[in-house]
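The values are calculated or read from the model by the stated rules, or taken from the named source; none is laboratory data. Everything numeric in this text was worked out from a predicted model, so none of it was measured. FYI the Cβ positions are ideal-geometry reconstructions off the backbone, even for glycines, and counts take in every protein chain you see. What goes into the accessible areas is simple: the full protein's heavy atoms, side chains included, and nothing from ligands, DNA or RNA. Shrake-Rupley method; radii C 1.70, N 1.55, O 1.52, S 1.80 Å.
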Amino acid sequence: MIYEPQEDSYLMQRIVKEFAKGKVLEIGTGSGILAGTAAQKKEVESVFAVDINPHAVEYSRLKYDSTKIRFRISDLFSHVKGKYDTIIFNPPYLPEDRNEDEESSLTTTGGKKGHEIIERFLNMAGEHMNPDGEILLLFSTLTGIEKIDQLVADNLFESENIAELKIAFETLYVDKIKKNVIRKELEEKGIHSFKKYAQGHRGKIYTGLLGGKKVAVKIQRSDKEAQGTVGQEANVLQELNKEGIGPKLILSGKDYFVSEFVEGKVILDYLSDEGLSREKVVNILKDLCEQMYKLDKLNYNKEEMHRPLKHVIIDEKDHAVLIDFERCRKREKTHNVTQFTQFLLSGHMQPYRERFNIAKNTNSILEQAKEYAEQQTREHLEKLMSKLFDA
């Protein structure tokens, strides 16, 4: 079945006439009407149109016999190479309707909630856009406007609504989407293949590739009042790297920084592995105590060390790496060692204390931690570690 042009097609046709330029890519060409329209423009150099439906590709190839257009079978970008100035996508955007027949749903249904195909598209589109390239994307109120806005932001894009059309039970929208300033700047520095990884209170974390190596990119959230925290974190990380603490800072800019990506396991997942020796575990925990001591002596307070469930990664070489310094600040009084001691005595660590025969005498450890808190010296640290780890 080939999707016959309807209101959405004619709305997009008007937009293509106005905005298409340069090298044009159309995803999901269907009847080929938009590819054919783009090819007629003098501002358009060439058109590459793809569709997952081989019948649509063959139909469009016969109907639009132009030297400007190439047609090919492709599931979104699966058989697309190169970068383009304009990417056109009039996708299936309706939520799943179980009463619709399977053949018809292939041309209308965007997924269970309606946005899933658009999500896949946006996750890949940036790698096929020139620096100033633009996406022309159609969606509907039934797709979910807020969800589309979120997907645009999550892929380091920005959008502008350029058209809308009210029809029977919905309103159609067309957005013009381009790379935001940070994405363009990062790509100029050689970073690409961005994927959203996590979202914190003040920053979003992405992975990317730089020279073939995986990196972490942290970007300031614009929807929060607290601004400048990511820049401050980059400054802290730069200082702590000198002491061998934290992932290596690679570069930073306004409202973002790039660091090495630490492959490994969070601390409790690591400790759950069978076959771990007591010696290896004790060495890792001692190393963490040493890192806490360095933080104390540098007057940096990391804050989360009483519950560092996501803040300690044990890498592939069994090294403990502290991550996320969003709340790390200079303080007159620091308590990194004592907070980490609190964690070692917590319920989270109970099964591992028994398994690895560590931190047995709670009262003695707490007394020694109190002495360390009063005098943060190497001598008191050594005494505390002996209470924690001596069998």
Original post:
Say we join alpha carbon atoms closer than 10 Å with springs in a Gaussian network model of the chain; which of 211, 275, 200 then has the biggest fluctuation?
Top reply: 275
Subject >> Gained length - residue 7 relative to residue 297, 0.36 nm times residue gap less alpha-carbon distance >> reply: 97.7 nm
Original post:
Which distance in nm do the two modelled labels at residue 361 and residue 209 give, with both placed 7 Å along the Cα-to-Cβ direction?
Top reply: 5.5 nm
Original post:
So between residue 265 and residue 250, what do we pick up on full extension, going 0.36 nm a residue minus the alpha carbon distance?
Top reply: 3.2 nm
**OP:** Would you mind estimating how fast the chain diffuses translationally, via Stokes-Einstein at 25 °C and 0.890 mPa s with the Kirkwood radius over Cα pairs, in µm²/s?
**Re:** 101 µm²/s
**OP:** Quick one: grab the alpha carbon gyration tensor of the stretch 261-335, order the square roots of its eigenvalues as a ≥ b ≥ c, and give me rounded if a/c is under 1.5, else prolate or oblate depending on whether a/b is larger than b/c.
**Re:** prolate
Original post:
residue 18: net charge of surrounding residues, Cβ under 12 Å, Lys/Arg +1, Asp/Glu -1, itself excluded?
Top reply: +3
Original post:
Where Lys and Arg each count +1 and Asp and Glu each count -1, what net charge lies around residue 361 among other residues with Cβ under 12 Å from its Cβ?
Top reply: +1
Subject >> Cross-link reach list, aspartates and glutamates versus residue 112, counting only Cα pairs under 12 Å and skipping chain neighbours closer than eight places >> reply: 96, 97
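Which value, in debye to the nearest 20, describes the size of the charge dipole of the chain about its Cα centre when Lys and Arg Cβ atoms bear +1, Asp and Glu Cβ atoms bear -1, and nothing else is charged?
The calculated dipole for the chain is roughly 1160 debye.
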**OP:** Note down the accessible area of residue 278, probe 1.4 Å, to the nearest 10 Å².
**Re:** 80 Å²
Original post:
In the structure shown, do any of 41/178; 196/286; 317/370; 113/204; 179/214 have a Cα-Cα gap over 29 Å, and if so which?
Top reply: 196/286; 317/370
Original post:
In straight Cα distance, which aspartates and glutamates are under 12 Å from residue 21, not counting same-chain residues fewer than 8 positions off?
Top reply: 43, 45, 85, 132, 134
Original post:
To the nearest 10 square angstrom, what accessible area does residue 78 show with a 1.4 Å probe?
Top reply: 70 Å²
Original post:
Going 7 Å from the Cα of residue 52 toward and past its Cβ, which residues in the stretch 120-135 have a backbone nitrogen under 17 Å from where you end up?
Top reply: 120-125
**OP:** Enter the accessible area per residue of the chain (Å², integer; probe 1.4 Å; all protein chains in place).
**Re:** 50 Å²
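If I compute solvent accessible area with a 1.4 Å probe over the protein chains, what percent of it on the chain is carbon and sulfur?
47 percent
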Original post:
Restricting to the chain, what percent of DSSP beta bridges are antiparallel, rounded to 5?
Top reply: 70 percent
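Using helices alone, what [θ] at 222 nm do you get for the chain, with -39,500 (n - 2.57) per DSSP H run of 4 or more residues, divided over all residues and rounded to the nearest 500?
-11000 deg cm²/dmol
Within the chain, which is the longest segment containing none of the GluC sites (Glu not before Pro) that sit in a DSSP loop and have at most 11 other Cβ atoms within 10 Å?
1-224
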